[in-house]
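Visitor: Sharing a structure here in structure tokens format.
Nothing in this text is a laboratory measurement; each read-out follows from the coordinates by a stated rule. Because the structure is a prediction, the values reported are computed rather than measured. Note that we place each Cβ from the backbone using ideal geometry, even for glycine, and neighbour counts take in every protein chain shown.
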Amino acid sequence: MRRMRLFVFWALAALAIGCLNLETHVVFFQDGSGVYTEKVEMKKELIDFAMSQGGFASYEELLADAVQKAQQELQGAAGVKLLDVRGEWASNDALRITVVYGFDSAEKWNAFATVAKKPSLTFVAEQEKRTKKKKAAETVWTIGFQTNVEGIAKNAAPAEGAKKPEVSGPDAMSMNVGTFRIALTGPGPARETAPLPADEGIQAQLPDDGSAVFSGPLTAALKQRTFEAKFAGAPLSAAGLEAAKKAAFIEPSAQYGKLQQLIAQRQEREAVRQAGEAAILGSQFTVKIAIGADGKVRWETTQTYLAPTAAFAAGREALLDALAPDAAGNYSTKIEAVKATDGRPGVAFVRTRVAELPLERLAGLISVKRDGADWVYTIQPPQLLTNVSEKSAAATLGKLIVTFPDPVTGANAPIAGPHEIAVELSGANLRDPATLIVRTTPVKK
Amino acid sequence: MNRRLLLAFALVALLLAGCYETEVQVKLLPNGQALVIHTVSMPAAAFNMRLSAVGAAPPQAEKELAQLAEQDVALVGKQMELIDLSYQTTNDRVRLVRRYLFADREHAARFLDLLGLTFKIADSCSAVAATASADRLDLQKLTRLGRFFEKTDNGQQAEGKIKSTSSFTFRVTLPDYPDPGTPPGRKEGRTTSWMVNEENFDQPFKVAVSAKKKKIAPLPLGRSAPPAGAAIDAVLASLPTDGADDFTRRMGGRMIPIVHVRVGKDLRADLSLLWASDEISRDAADYFRRLEALLYPELNVNYYEWIEVLNFDDQRTVAEGYRTREPLSSKQHKQLGGAISISKKDGKENVAFDLPKLYQTKSPANGPADRVVAMLVVTFSDGQTVHAPVTVGGMGGVANFTAGAK
């Protein structure tokens, strides 16, 4: 989420300071499949800025983040795949990032484009009628490229809670907004382009390579519009089509392989972090403290480990019991197979302290003082967590049950019985533990 | 390129610049040593903007900050050791934590002097008192961020355009519980803390806390045998293994218990129960370490919180946990069931660990036989330190360490 917000911030800055050049190349084959290539050129200063804001250690990490984002967008998008991502220095101070997708049809691309806020495409084939001049039947393919303003507008919106900077005066006037270039390549050579408004500096060209090229200032492409061109020619044979596809589908770059490795490392790192959190969430504890009238405390704890983390965590617990006998030796310990309320199986270590504890030995946890006829207990659960995710903050990780010798007459904790309080401790409670105050009043005899 | 526009878009980040939450925690350990945890937290956007302005990427900043910490160690002397420096980014904040261990309290005071704080300890037979003072608090000194520190724009602050949220928290943990009469300060167990907001930084800072020294009688040692490994294995074998092998693969080797036995000349054993973890597994390791102390009151009474740096085959490992207040004699260890035996054989000190019979039932959840499940470390009375890993395959055996043996 944080990275997304930074990306938005970055995109906003990129658009505003005008160091973004955008180049798109769409190749359509006669069967409707194709290749979509996007090249974004950015100034080094902006890349450095994005790196520092995102906390990326290298350009590769920045690119890996872009790849991961693209892969996330592709999840569930059938018929579209990422073929290559690479970054190369276009000049000493500009980095060009190239992203290449392959798609099975314009429809499949558009389904993905709607989600990923990318331009949508149209591809229509029509058989041209024979004329006296043209003896061979030709096919006319119309390729349309419709800009996606919504996606750009979304990226250009200020980050949540951030103030939109106000820019006015000469600086606003002198903004250099970058350029765009859209190249469309059809199954045959380009014949013509659809008319475009002349006043926005957009140029349409039909170069010798058979493509149709539109170019101009980036602001012109930021408007909702369609760039369209017609291509004509005789359809290729099956072998010819295969050869054309091979020529168009590039091999993934070596850099893409390296980025994939970086992503795998990042994903593994995240999996480990999640495993650490699962270990905490898969462990539940209960501490039962029964304070006697003589000031002696009966101490019982239950530590439960639930699958799938149970085997690892319980093995570690048992090993510690064996290697720290001066602590564990004070307890009668039972090992029990248990089931959590959600049905997950687990193992519980139920420990009962053989000897009762004098209350004053629990000074850091419980203290008591007299207040008139009453006894006022102060219970301070320890801080067990420092960093807590939203999931852990909401989860109940432990329970503290305290029984008092006299009836409870007031408490800032749930009263579970005449002499008892029972507090459920969530991750948030264990990060910021609250002091519990319990007042008990002896029964007059 | 239009720099003014770039700066305009960075306005939000700049507004947050100079907002630092700094915390210094001084833990006076019962063995006379001191641990100082120096934490600086700031908005990530502002800090990253600062890095951008000085032309440093986060890894370079981390490296430079480590160098700064090493410089402080050089200034204070060998009695100060940099335990670690962590650089975390969570919830849009950068949190920089530097931890130092001092051989004595005087050197801890020398370090605090670098932060602009005068720290004094009065230690008598019956009480210990700590005071910290400063004519005024200097945020730049307190944060010790070198060139990565960015001063708050006082002009804008004065005009009310920026509301500073900088603060300083000072925490002192004494070996004993502080006296009830200690001047105001938030008390949590043996720790007392004070917080000052930036608007009061120009006021003199003075805090004090004292505690009467109490002889902490250890809780008597019980002799209950831990549950047999076979009983645990039987329950574990009944659990589904789906996902358990993946979990073990990821966490095994990252969150390792370490038992460090320091043998005295009289064969008394000073025992440390520690946890080693890495940056990713630290939260979980810390949680279970702290939970152990809640579940076992013995850890709070018979042990104190301890941290040390161990070298395993040239790999620096930071281990945190608990160290015994009163070293146990070999006879006491024998009474505990003999899991750790300390003796002299042919005039040489010997420490043997009886490892429980765990992981005897084959299960993918156990991980491979060479998975390291714990580390055993022994320091003999002549200072020689040896270590050995405990593996899944080695459970049920005996780990033997003899002084002088290679």
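Visitor: What is the distance, in nm, between label points placed 7 Å from the Cα along the Cα-to-Cβ direction at B:Asp113 and at A:Lys117?
Guide: 5.7 nm
Visitor: Let me ask something else. At a Förster radius of 45 Å, what calculated FRET efficiency corresponds to the Cβ-Cβ distance of A:Asp104 and B:Ala234, to the nearest 0.05?
Guide: 0.25
Visitor: Further, regarding this structure: Can you check what the net charge comes to around A:Gln383, using other residues whose Cβ is under 11 Å from the Cβ of A:Gln383 (Lys, Arg +1; Asp, Glu -1)?
Guide: Neighbourhood net charge equals -1.
Visitor: Count the net charge of all other residues whose Cβ sits under 10 Å from the Cβ of A:Pro235, scoring Lys and Arg as +1 and Asp and Glu as -1.
Guide: Numbers: positive: none; negative: A:Asp31, A:Glu138.
Residues near A:Pro235 contribute -2 overall.
Visitor: Hey, another quick one. What whole-number volume per residue, in cubic angstrom, does the convex hull of the C-alpha atoms of region A:261-366 give?
Guide: It is 141 Å³ per residue.
Visitor: Cα atoms only, region A:293-349: Rg and Dmax in Å?
Guide: Answer for region A:293-349, Rg first and Dmax second: 13.7, 43 Å.
Visitor: To one decimal place, what Kirkwood hydrodynamic radius in Å is obtained for region A:282-440 from all pairs of distinct Cα atoms?
Guide: Evaluated on region A:282-440, it is 16.9 Å.
Visitor: Express in nm, to one decimal, how much length is gained between A:Glu45 and A:Lys258 on full extension, taking 0.36 nm for each residue of separation and deducting their alpha carbon distance.
Guide: That pair, A:Glu45 and A:Lys258, stretches by 74.3 nm at full extension.
Visitor: Same structure, new question: Under a 5 Å amide H to amide H cut-off, with H placed in plane at 1.01 Å, what residues pair with A:Asp84 once short-range neighbours are removed?
Guide: Under 5 Å from the amide H of A:Asp84 lie the amide H atoms of A:Val100, each far enough along the sequence or on another chain.
Visitor: So between A:His419 and A:Lys246, what do we pick up on full extension, going 0.36 nm a residue minus the alpha carbon distance?
Guide: Working it through step by step, the gained length comes to 54.3 nm.
Visitor: Let me ask another. Determine the dipole magnitude for region B:315-406: charges of +1 sit on the beta-carbon of Lys and Arg, -1 on that of Asp and Glu, nothing else is charged, the reference point is the Cα centre, and the result goes in debye to the nearest 20.
Guide: 100 debye
Visitor: Further, regarding this structure: What dipole magnitude, in Debye to the nearest 20, does chain B give about its Cα centre under +1 on Lys/Arg Cβ and -1 on Asp/Glu Cβ?
Guide: 580 debye
Visitor: While we're here: Given just the C-alpha atoms of region B:268-384, how large is their convex hull per residue in cubic angstrom? Let's see the in-between values first.
Guide: On the way: hull volume 18.6 nm³, N = 117.
Hull volume normalised by residue count: 159 Å³.
Visitor: Measure out, as a whole number of angstrom, how far apart the alpha-carbon centroids of region B:82-140 and region A:399-445 sit.
Guide: Rounded to whole Å, the Cα centres lie 36 Å apart.
Visitor: Express in nm, to one decimal, how much length is gained between A:Ala271 and A:Gln72 on full extension, taking 0.36 nm for each residue of separation and deducting their alpha carbon distance. Walk me through the numbers on the way to the answer.
Guide: Working: separation 199, 0.36 × 199 = 71.64 nm, distance 1.61 nm.
That pair, A:Ala271 and A:Gln72, stretches by 70.0 nm at full extension.
Visitor: Name all residues of region A:348-380 having a backbone nitrogen under 20 Å from the label point set 7 Å from the Cα of A:Asn412 along its Cα→Cβ direction, giving them as ranges.
Guide: Label zone hits: A:363-372, A:374-380.
Visitor: Compute the semi-axes of the equivalent ellipsoid of the protein assembly as shown, taking the square root of 5 times each eigenvalue of the Cα gyration tensor, and list them largest first in whole Å. Numbers along the way, then the final one.
Guide: On the way: eigenvalues 759, 230, 134 Å².
Those come to 62, 34, 26 Å.
Visitor: Å³ per residue of the Cα convex hull, for chain B?
Guide: Hull volume normalised by residue count: 183 Å³.
Visitor: Kirkwood Rh and Cα-based Rg: tell me the resulting Rg over Rh for region B:320-406, rounded to two decimals. Each step should come with its number before you reach the end.
Guide: Values: Rg = 14.6 Å, Rh = 14.5 Å.
A ratio of 1.01.
Visitor: Using only the Cα atoms of chain A, build the gyration tensor, take square roots of its eigenvalues as a ≥ b ≥ c, and label the shape rounded, prolate or oblate: rounded if a/c is under 1.5, else prolate if a/b is larger than b/c, else oblate.
Guide: Since a/c reaches 1.5 and a/b is larger than b/c, the shape of chain A is classed as prolate.
Visitor: Let me ask something additional. Starting at the first residue of region B:356-372, write each ³J(HN,Hα) from the Karplus equation 6.51 cos²θ - 1.76 cosθ + 1.60 with θ = phi - 60°, in whole Hz, x for Gly and Pro.
Guide: Values per residue, Gly and Pro as x: x, 7, 9, 6, 7, 8, 5, 7, x, 5, 6, x, x, 4, 8, 5, 7 Hz.
Visitor: Right, something else. Hey, for a label at A:Lys445 modelled as a point 7 Å past Cα toward Cβ, could you say which residues of region A:280-320 have their backbone N under 17 Å away?
Guide: From region A:280-320, the list is A:292-295.
Visitor: Here's a follow-up. Between A:Ala198 and A:Lys339, what is the label-point separation in nm under the 7 Å Cα-to-beta-carbon projection?
Guide: 8.1 nm
Visitor: Something else about it: Calculate the dipole size of region A:282-440 relative to its Cα centre from +1 charges on Lys and Arg beta carbons and -1 charges on Asp and Glu beta carbons; express the result in debye to the nearest 20.
Guide: About 180 debye.
Visitor: Can you tally the net charge around B:Leu51? Count Lys and Arg as +1, Asp and Glu as -1, for every other residue whose Cβ sits under 11 Å from the Cβ of B:Leu51.
Guide: That works out to -2.
Visitor: Across region B:212-223, in residue order, what do the Karplus-derived ³J(HN,Hα) couplings come to in whole Hz, using 6.51 cos²θ - 1.76 cosθ + 1.60 with θ = phi - 60° and x for Gly and Pro?
Guide: These are the phi-based 3J(HN,Hα) values: 6, 7, 10, 6, 8, 6, x, 5, x, 7, x, 10 Hz.
Visitor: Return the FRET efficiency for the residue pair B:Ser133, B:Lys213: r is the Cβ-Cβ distance, R0 is 30 Å, and the value is rounded to the nearest 0.05.
Guide: Result of the calculation: an efficiency of 0.80.
Visitor: Please state the relative contact order of chain B as a whole percent: Cα pairs under 8 Å, 6+ residues apart? Mind showing how you got there, number by number?
Guide: Details: 752 pairs, mean separation 52.4, N = 406.
Reported as a whole number, the value is 13 percent.
Visitor: Further question: Extending each Cα 7 Å along its Cβ direction at B:Ser341 and B:Arg186, get the distance between those two points in nm, one decimal.
Guide: With each label placed 7 Å out from Cα toward Cβ, I get 5.1 nm.
Visitor: Please state the equivalent ellipsoid semi-axes for region A:374-445: what are the square roots of 5 times the Cα gyration tensor eigenvalues, largest first, in whole Å?
Guide: Result for region A:374-445: semi-axes of 28, 11, 7 Å.
Visitor: Compute the label zone of B:Asp123 within region B:273-314: residues whose backbone N is under 20 Å from the point 7 Å along Cα-to-Cβ.
Guide: Inside the label zone: B:302-309.
Visitor: With angles folded into 0 to 90 degrees, how steeply does helix A:310-323 sit against the dominant principal axis of chain A? Use alpha carbons for both and round to 10.
Guide: 40 degrees
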